[in-house]
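Visitor: To start, I am sharing the structure in question, which I have written as C-alpha cells.
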Amino acid sequence: MRESSACIQWLDFEPGRRILVISDIHGNLEYLNGVLALAAYSPEDELIIDGDFLEKGPACLATLRRIMSLSRQGRVHPVRGNCDGWHTIFDNDERKNRHLLEYLRWKGNGFLWELFSSLGVDIREIDRLEPYIPFLHRYDEEFDFIRSLPDGIDSENFTFVHAGRSPDKPLQAHSRDELNRIDRFMDRGDSFDKWTVVGHYPVVLYGEDKVCANPIIERRRKIISIDGGCILKDDGQLNALIIPHKDSEDFSFAAYDRFPERRVLEDQAGGSRSYYIRWGDSQVQVLERGEEFSRCRHVRTGYEMDILTKYLFTQEEITGCNDCTDYVLPLKAGDTVRVVETSSRGYFVKHKGVSGWYFGELE
C-alpha cells in the first residue's frame, strides 16, 4: 500500500510580523500557556505549532481546545505530528485497533485515554475498541480539526515540518511519514536553501557529555531543531523559537519550565569529565545499590557514575534508567538556577537550559 502523500500549506507571511514556533507540547497546557506568556505572544504574531501537541501529557484535550481557540484568530497555524493523527480511529481497522488497545493499556494516559475516560469507558476493562468508537463522535469538532491540519507549512524563507525532510525532492513529494517520523534529523548531514524548522526529536539527545534543552541552530545547513523535551524529559522545557520577521535570521527563543528558581551562593568550577545516559542507550549495570544513589556502569561504554536510585527502572542488576548525567555545572555566586532535584549531596539544576549538578548552597 502506498503511503499517504503529505498535505502542505503555503503561507505568505506579512512583512514585519513576528513568527513564533513551538513544537512537542505533548498535552502540557501549563507549559504552552507559560511559554506564550514568556514570548509575549499577541494575536499580531504568526504562531506555528510544529506538531505533537497531543499525547503523553496530562491535559491533551484541554491543550487541543486551546490550540483550536487560538486558531480562530487566523494567524495560528498547527502542523500535524506523528502523535496527533487520532482521527484515523474511525477507519475501522480491527488489526490496528487491537494494537491501539494494547498501547492504551500500557501507556495509561494520552488523548484517547482522556476521551474514553470522559465517556465512562475504562480501557482496562474492555476487550475490543470497536463497540466504543462510535461514542467518540461526541468529539467530532475536535477530530475534524485534527483531520484538517497540514503535514507541513512552506513559505518564502522557512519550511516547518514536524520531524524532517529530504533536500532531494520537493516538499509536496514527501509522504506523511517522511515528514513526521525522522529521528536524529540533525545527524543526517542535509543542507537546505531555506530554513527548515523541526521538532520531534528532543535536542538533549544530541549531546553526549552534557544536557542542553535549548534550540539547536545550524546556520550553515539552515536547520533549526526546537524540541526541548517537554513531558518526555524530567528536566525538559517548552521552547518557542522567535523569528523577528519573515526576512530575519536574528533568531532568539523563550523557554518555559515549572522548576523553582534559586540563587547560587558559591562559585563552582565545572567538572572535567561527564557523560549523559539517555533514551535509546540507557542500559546500566548496578554495581552497588543504595537507598538514595546507586553506583552504576553504563553497559555500552563502561562509564561509571552515581545515579539516583529512583531513576532505575527495576531491581535487577542490569536495568534501564531515566536520562541522567554526572555533569558538574560551572557556576558563579549570584547565578540563578532552576532546581530539578534536591538530594543529600547537592542539587540537580538547570542553568541557561543546561542541566547538571551543583554542590554548594542556594539562597
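Visitor: List the lysines whose Cα lies under 27 Å from the Cα of LYS96, skipping any in the same chain that are fewer than 8 positions away.
Guide: Those lysines meeting the cut-off are LYS56, LYS107.
Visitor: Let me ask another. Ordered by residue, what ³J(HN,Hα) values in Hz, to whole numbers, does the stretch 163-179 give under the Karplus form 6.51 cos²θ - 1.76 cosθ + 1.60, where θ = phi - 60° and Gly and Pro are x?
Guide: Result, rounded to whole Hz: 10, x, 7, 9, x, 8, 8, x, 4, 5, 8, 7, 7, 4, 4, 5, 8.
Visitor: Let me ask you something else. Principal axes first, then extents: for the Cα atoms of the stretch 1-112, list largest minus smallest coordinate on each axis, whole Å, largest first.
Guide: Dimensions of the stretch 1-112 along the principal axes of its Cα atoms: 50, 34, 18 Å.
Visitor: Taking only the alpha carbons of the stretch 218-363, what extent do you get along each of the three principal axes, in Å, biggest first?
Guide: Result, largest extent first: 56, 36, 28 Å.
Visitor: Continuing with the same structure: Keeping every protein chain in place, order ARG181, ARG65 by accessible area at 1.4 Å, biggest value first, i.e. largest first.
Guide: Largest accessible area first, the list is ARG181, ARG65.
Visitor: With n ≥ 4 as the cut-off for DSSP H runs, can you work out [θ] at 222 nm for the chain, using -39500 (n - 2.57) per run divided by the number of residues, rounded to the nearest 500?
Guide: Calculated at 222 nm, the ellipticity per residue is -4500 deg cm²/dmol.
Visitor: Which net charge results when you count Lys and Arg as +1 and Asp and Glu as -1 among the other residues whose beta-carbon is under 13 Å from that of SER355?
Guide: Numbers: positive: LYS210, LYS233, ARG278, ARG338, LYS350, LYS352; negative: ASP209, ASP234, ASP235, ASP257, ASP323, ASP326, GLU341.
Neighbourhood net charge equals -1.
Visitor: What percentage of all Cα-Cα pairs in the chain are separated by more than 28 Å?
Guide: When every Cα pair of the chain is considered, 50 percent fall beyond 28 Å.
Visitor: Each residue of the stretch 349-359 in order: what ³J(HN,Hα) in whole Hz does its phi give by Karplus 6.51 cos²θ - 1.76 cosθ + 1.60, θ = phi - 60°, with x for Gly and Pro?
Guide: 9, 10, 9, 6, x, 9, 9, x, 9, 10, 10
Visitor: Tell me the GluC sites (Glu not before Pro) within the stretch 8-53 that lie in a loop according to DSSP and have at most 14 other beta-carbon atoms within 10 Å. Display every interim value, and only then the final one.
Guide: Working: sites: GLU30, GLU44, GLU46; in loops: GLU44.
Counting only loop positions with at most 14 other Cβ atoms within 10 Å, the GluC sites (Glu not before Pro) in the stretch 8-53 are GLU44.
Visitor: Taking H as built 1.01 Å from N, whose amide H comes closer than 5 Å to the amide H of ASP335, not counting residues under 5 places away?
Guide: Under 5 Å from the amide H of ASP335: VAL264.
Visitor: Also, I was wondering about something else. With θ taken as phi - 60° and the coefficients 6.51, -1.76 and 1.60, list the Karplus ³J(HN,Hα) couplings across the stretch 236-242 in order, rounded to whole Hz; mark glycine and proline as x.
Guide: x, 9, 10, 9, 10, 5, 10
Visitor: For the stretch 114-228, what percent of Cα pairs sit more than 19 Å apart? List each step's numbers first, then the result.
Guide: On the way: 3813 of 6555 pairs.
Distances greater than 19 Å cover 58 percent of the Cα pairs.
Visitor: Give me the Kirkwood hydrodynamic radius of the stretch 192-275, using the inverse of the mean 1/r over all pairs of distinct Cα atoms, in Å to one decimal.
Guide: 14.7
Visitor: Also, I was wondering about something else. Please identify the trypsin sites (Lys or Arg not before Pro) of the stretch 323-356 that satisfy two criteria: DSSP loop assignment and at most 15 other Cβ atoms within 10 Å. Which are they?
Guide: The qualifying sites are LYS332, ARG345, LYS352.
The values are calculated or read from the model by the stated rules, or taken from the named source; none is laboratory data. As the structure is a prediction and not an experimental result, all values here were calculated from the model. Cβ coordinates were reconstructed from backbone atoms using ideal geometry, including for glycine residues, and neighbour counts include every protein chain displayed. What goes into the accessible areas is simple: the full protein's heavy atoms, side chains included, and nothing from ligands, DNA or RNA. Shrake-Rupley method; radii C 1.70, N 1.55, O 1.52, S 1.80 Å.
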